[in-house]
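Here the structure is laid out as C-alpha cells; the discussion comes afterwards.
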Amino acid sequence: MGHVRVYTISDTLNRFRRMNGYNVLHPMGWDAFGLPAENAAIERGIHPADWTVKNIGLMKEQMNKLMLHFDWSREVTTCHPDYYRWTQYLFLQLHKAGLAYQKEAVVNWDPVDQTVLANEQVDHEGKSWRSGALVERKRLRQWFFKVTEFTEDLLNDIDLLKNWPDRVKQMQRNWIGKSKGAEFEFAMQGVKTAPLKVFTSRPDTLLGVQFLVVAPEHPLINKELLPSANADEVLRFVQDLQKVQHMEEAEESKKGVFTGLYAQHPVTKEKVPVYVAPYVLSDYGSGAVMGVPAHDKRDWEFCHANKIVEQVKFVVEPAIQQVDQPMSQVEPFVAQGVLSAINGKYAGLKSKQAAKAIVQDAIQQGYGDHATQYRLKDWLLSRQRYWGAPIPIVHCPTCDVVPVPEEELPVRLPLDVEFKGRGPSPLATADAWVNCKCPRCKGPAKRETDTMDTFVDSSWYFMRHTDASNTQLPFDTKIASALLPVDVYIGGVEHAILHLLYSRFFSKFLYKQNAITDTSDTKPGHGEPFNVLLTQGMVHGRTLKDPETQKFLKPEEVDYSDPVQPKVLATGKPTLVSYEKMSKSKYNGINPVDVIATEGVDATRLHILYKAPPSEVLEWDDTSIVGMQRWLAKVLKLSQGATLTASGAAAIPVLDAMTADERDLHRTTHQTIKQVTEGLSSTFALNTVISDLIKLSNQLSSASSSAQVSPTSPVYQQALQSLVIMLSPMAPCMAAESWETLAPASGPVFDQPWPTWDPQALVKDTVNCVIQVNGKTRFTLPLPVTVAQDVEQVEQQARATTQGQRWLADNPIRRAIVAKNGALVNFII
C-alpha cells in the first residue's frame, strides 16, 4: 500500500502537468539488486535473478491495475547488464578521480560461514541470521567512495534547497555534523610514540581534563605499547567488544578499562590516565577524546561508572550565581559560562573568550590549533554478497589494483554459480570468473569478488531515465542537462539521509566533471539533483491484538460481524485495535490487487489521497472507502444529467447576465479551480484538493436539484466540465467515463486544457461587514460590496437594525473608520 500511495501521488501530478501543457517525463524502473532479493531467493531455493524477474512482473501487474501512466520506454532495471555496465563506468570515473579507494574498515564477520554480514543480517542478540554464530567485529580491506571530498558543498548547498522539507534538510545537516573546535596534543609518558591528539568542541574546558579515552581500534591498544600489568585485561576487553554487534549497548553501559598509560597535560603538566572505551569512534578525528567530567554528561557518567577520580574539577561556572546557592556538584555543568579561579590567567574570561585565548596559546606553544570535524564518513560500498553489481577491479600480483578497461564493461555477474546460501559469496568460488588476465601486464590475475552497495545503483538512476537507450554513455550531457535537476521527487522520508545524500554526492561529482551542466537560473544549481522534494508518510494498517495474550491476531482468528468492534473468535472479547506499520508478522498487510478488485481503482486512489496529507502517516481503513465510491457515483450522475455542446466546450458565462445563484456557483467554480491548481502545483495538499472538489460537486447537486441553476446554463456546464477535468488526474477511469457522457465528440478528458480561474469571478457581490463601536465588535451586517465602502450608507443600514439601535442608539458618530475594503467599520461615538 506504500507503493500505491507514492505512485498515485506521482501519477496525479504527472497527469496534472500534462494537462497544463508540460512535456512530462514520468519514468519507472526497478532497484533490483540487493539483500532482500538475495535473502528471499535463498529461502525459496531459487536464483535471485529468477526471483527478481518474477517480482518485477507482479509489480507491473499492480501498476497497470492502478492506471499509472508511466513512460515505459525509459524503463531501467539495475540488475540488467545494460544498466550496471554504466554503474561500473561511473565507479571507474570516481576511481580515476581518486574518489574510489580501498582501506581497512570494521565489519560484521560470521566466524562460521566466514562471510561479512550487513547490519540487517544480525539479530538483536548479535547473532548471524545464517549460522546463528555470535558475530565478530573484524577489520577487512574494503572499497570506499570519498564522499568527504564534497563535505562543505553537501553542507552549504542545503541552503539552495528551498523546496525541500525543513526536517529533511536538518537531517542532512545533522548527518554531515560539522563541529568547530580545537585539536590538542598530549605527550605520552613512558612509551615512545607520537603525542595523543584529541579533538574538542569546547577548548574552554581544556584545564578540566581529568582523563583521556581512546577507541578500541586505536594504535595505542597494542601489546607492545601497553604496560605488561594491564595488557591482558585491556586486550581481553577489546576482544570481548568485538563480539558485541550492537555497540550502542556497550556504550550505554559506560564500560571502559584503564590502559595503564598516562599522558601529560599540555598546560598543567599533570599526569592524565588513558582509558579505552567503545563510545570513542576510531574514524572520528584521531580516535581519542578528552575526558572532562565536570562539563560533559557522557564524561561525567563514564568517570563515575569507572571510578576514575574522587573529585571532579569544575573549570567553568555560570556567569550569574546566587550567593547562597553555589553551583551544584552532583551533576555536570554543560553550558558555557565564565572560567573559574583555578584556570590561572584564563580565570574570569567568558567561555568564548577563553576558548580563543587557550587555542592561541596552544598555537604559539606548539601543542594545538583550530580544527573542524565532521560526522560524515566516506561511503563504504563493498558488499561480500553475490546479488550486486561487480566492482570492475582486477587484483594482479605484479600490478596490484588495476581498473577494468572501459571498453571491456560490463563485468558481467555470472549466473551459473553454485548458490548454496551459506559460506562466502558464490563469486569467491567461481574460479572460471575470478581467474582472469591482468589488463595491464596480461599476466594471471583475479577479479574483485566484492559487489557494490545497492545505494550506488539508486544514486544515479534518475540521470539514466533522461537517456535510457544510450549505448555509448550513461547519458548524453545535453539531453540530461536539459531535463535535470528532477523537478519533483517523491519518496519516503526513510530515505531522507543516505539515499538523498549519496544522490547529491553523485550529482555533484558529475557536475564537476561537466557531465551535467546547469541550463536555467530557476534551478537549484551547484549540481543539486532534486528541485522539489515531496516526502510521503508511511501507510499503517489496522492491527488487532488479543487483549489477554497481547498476540497479533490472524484474520481467521477474528469475528468481524461488527466491523467497528471486532472480537476474538475464541473468547468473544473485543480485540485491541491500533494502527501500525504493515508487516506479515502483524497480519495487518493489505494486498492492493484485492482492494482494487473489490473497491475499484478510482476509489482506491482517491481514498489513499484523501485519508491524510501526503507527508503524514496514513491509517488505512477499508470501511471508509465507501465515501469515495459514493462521491464518484454522484459525479457520474451529475454528468449523465447534463450534456455539453457538440464541440465539448461549455458556453462562456457572462457575469452581467447571471442570477444571484449563478454568480454564487460561478464564484465557487473559480475559487475551486484556483485552490485545486495551487494544491497540485505547489502545496501538494492532495487531501484538501479532493475536499474542494467534493464541495463543488455538492453545490452542483444542490443547484440542479433545487432548480436554482439550470443544467443547460453556461455557468452550470462550465462548473461541471471543470469538476470532471480536475478530477481526472486522481480518478482517471470515472473522469474518462463522465467526460464521454458529457462531450463524446471532444476527445479524451486528458486531452482537454486545464481550466483557469478568472480573478473577477472571485470578487464577492456581498460582504459580511463587521460593525465595531468604540473598537469593540458588536454585530455583523451583510451588505452589497458597493454599500460597504460608503460609510454613510453603512451607518444608515446599521441604525435600521435592532442591534444597531441597541449599540448606536441616537448617539452621534464622532468618527468612522473603514477597513478591509468595507469588511470592517468602527464607529466612534
Applying the Karplus parametrisation 6.51 cos²θ - 1.76 cosθ + 1.60 with θ = phi - 60° to the phi angles of region 448-462, what ³J(HN,Hα) value in whole Hz is obtained for each residue in order, glycine and proline being reported as x? 5, 9, 6, 10, 8, 3, 5, 4, 5, 4, 8, 8, 9, 4, 5
Relative contact order (%) - the chain, alpha-carbon pairs under 8 angstrom, separation at least six: 11
Could you give the spread of the C-alpha atoms of region 623-761 along their three principal axes, from largest to smallest, in whole angstroms? 43, 31, 30
Distance (nanometres) between label positions extended 7 Å along Cα→Cβ at LEU380 and ASN55: 2.4
Across bins of 10 angstrom width beginning at 0, how are the C-alpha pair distances of region 393-494 distributed, in whole percent? 12, 30, 28, 22, 7, 0
Sequence gap at least 6, Cα distance under 8 Å: using those rules, report the relative contact order of region 178-374 to the nearest whole percent. 29
In whole angstrom, how far apart do the alpha carbon centroids of region 574-588 and region 297-313 sit? 45
Just to confirm my numbers, what's the Cα centroid distance between region 269-295 and region 55-128 in Å? 37
Can you give the helix-only mean residue ellipticity at 222 nm for the chain, where every DSSP H stretch with n ≥ 4 adds -39500 (n - 2.57) and the sum goes over all residues, rounded to the nearest 500 deg cm²/dmol? -10000 deg cm²/dmol
Using the Karplus equation 6.51 cos²θ - 1.76 cosθ + 1.60 (θ = phi - 60°), what ³J(HN,Hα) coupling, rounded to whole Hz, does each residue of region 685-691 give in order, writing x for Gly and Pro? 7, 5, 5, 6, 4, 5, 4
Set the Förster distance to 56 Å, then compute FRET efficiency between TRP129 and ALA745 from the Cβ-Cβ distance, nearest 0.05. 0.35
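In whole Å and largest first, what semi-axes does the C-alpha gyration tensor of region 388-447 yield when each eigenvalue is scaled by 5 and square-rooted? Mind showing how you got there, number by number?
Values: eigenvalues 97, 34, 16 Å².
Rounded to whole Å, the semi-axes are 22, 13, 9.
Once fully extended, how much extra length lies between GLN365 and THR268, figured as 0.36 nm per residue of separation less the alpha-carbon to alpha-carbon distance?
On the way: separation 97, 0.36 × 97 = 34.92 nm, distance 1.34 nm.
The span from GLN365 to THR268 would gain 33.6 nm if fully extended.
With all distinct Cα pairs included, what does the Kirkwood hydrodynamic radius of region 539-610 come out to in Å, to one decimal, could you say?
Values: mean 1/r = 0.0756 Å⁻¹.
In region 539-610 this quantity evaluates to 13.2 Å.
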Two-site label geometry, CYS441 and VAL401: point separation in nm, points 7 Å out along Cα→Cβ: 1.8
Give me P(r) over region 178-374, computed from all C-alpha to C-alpha distances, binned every 5 Å, as integer percentages. 1, 8, 16, 20, 20, 16, 11, 6, 3, 1, 0
Can you work out D for region 552-705 in µm² s⁻¹ from Stokes-Einstein, where Rh is the Kirkwood radius over C-alpha pairs, the temperature is 37 °C and the viscosity is 0.692 mPa s? 173
7 Å from Cα along Cα→Cβ at both LYS695 and ASN174: what's the point-to-point distance in nm? 3.6
With viscosity set to 0.890 mPa s and temperature to 25 °C, compute the Stokes-Einstein D of region 764-828, Rh being the Kirkwood radius across alpha carbon pairs; µm²/s, no decimals. 216
Distribution of pairwise C-alpha distances over region 518-643, 5 Å bins, in %: 2, 9, 14, 15, 15, 12, 9, 8, 7, 5, 3, 2, 1, 0
Quick one: angle between helix 35-44 and the longest Cα principal axis of the chain, in degrees between 0 and 90, rounded to 10, please. 90
Let me check against my output: what whole-number percent is the relative contact order of region 578-717, with C-alpha pairs under 8 Å and at least 6 apart? 28
The chain: angle of helix 498-512 to the longest principal axis, Cα-based, in degrees nearest 10: 90
Hydrodynamic calc, the chain: Kirkwood Rh from Cα pairs, then Stokes-Einstein at 37 °C with viscosity 0.692 mPa s, so D in µm² s⁻¹ is 100
With +1 at each Lys and Arg Cβ and -1 at each Asp and Glu Cβ, the charge dipole magnitude of region 764-828 around its Cα centre, to the nearest 20 debye, comes out at 280
Expressed as an acute angle from 0 to 90° and rounded to the nearest 10, what is the orientation of the C-alpha long axis of helix 732-742 relative to the principal long axis of the chain? 20
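Coordinate-derived values only; no laboratory data. Everything numeric in this text was worked out from a predicted model, so none of it was measured. All Cβ positions, even for glycine, are placed from backbone atoms using ideal geometry, and neighbour counts span all protein chains on display.
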